[in-house]
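What follows draws every value from the coordinates through simple rules; no lab data is involved. From a predicted model like this one, the values you see are computed outputs, not experimental measurements. Counting neighbours? That spans all protein chains shown, and the Cβs are built from the backbone with ideal geometry, glycine included.
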Amino acid sequence: MFLCTDIFSEFILTVSIKISQWQWRDLATGPSTPNWWVLVGDMGTGKTSIVLRLVKGQFYTNLESTIGAAFFTQILSLSEATVKFDIWDTAGQERYHSLAPMYYRGAAAAVVVYDISNKDTFTRAQKWVQELEKQENLNLVMALVGNKSDLESHREVAAEEGDQFAQQHGMIFVETSAKTTLNINDLFYQIAKRLATVSPPPRSSSGISNFQDNKSQRKFLCCSG
């Protein structure tokens, strides 16, 4: 039963990837592909809550764990341009860790999330950063996010500790609360603005800009054994 569930999950992931590729071709000008961002981090750190708060303005106390990954689209209006980007919210369970490279390879931005009330999630967030750095994508914009700042009375990771680590790795650092909305919008605006300096977005025929990775055309690969 467990094996069947995993096979079905991978099938759904493959279909989602194919659908998103069709959507991107419609939005982009020419053969290039638009920008996508990825969220990584431990299960329970609030990755999905962050995205839902940004995209839909919603917060749920109890959310089911993400299976594989979830796909979202958002538009931000900056002074430089109106930017459309796609977000892959990856599952935090260890059994899905091997699927993560499908989403962060070639991504324009990576958001590494930990829970300020759980020291272990911060330790694993540092390992996520090391894994991302091994991709040697010099244009990748990374952000370290200490979520659940509303749990201040249960804090196990000092803000200074997160900020210091982020500075050492050239990352944006923000503490957020999906529950109270603290810094949610600011996080994504900071990423979008830094992306604009790394790779200025070309404007599509619809007037909406898409950040691109100029090094090579991005491709998604299906799951392999």
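Run the dipole for region 31-198 about the Cα centre, Lys and Arg Cβ at +1, Asp and Glu Cβ at -1, nothing else charged, and hand back the magnitude in debye, nearest 20. Working shown, then result.
Details: 15 positive and 19 negative charges, 84 e Å.
That gives a dipole near 400 debye.
Looking at region 134-189, which chymotrypsin sites (Phe, Trp or Tyr not before Pro) are in a loop (DSSP not H, G, I, E or B) and have at most 16 other Cβ atoms within 10 Å?
Working: sites: PHE165, PHE173, PHE188, TYR189; in loops: none.
Counting only loop positions with at most 16 other Cβ atoms within 10 Å, none of the chymotrypsin sites (Phe, Trp or Tyr not before Pro) in region 134-189 qualifies.
Taking amide hydrogens as placed 1.01 Å from N in the peptide plane, the amide H of THR82 sits under 5 Å from those of SER209, each at least 5 positions away in sequence or on another chain.
Computed from backbone phi with θ = phi - 60° and the Karplus coefficients 6.51, -1.76 and 1.60, the 3J(HN,Hα) list for region 178-184 is 5, 5, 9, 6, 4, 6, 5 Hz; x is used for glycine and proline.
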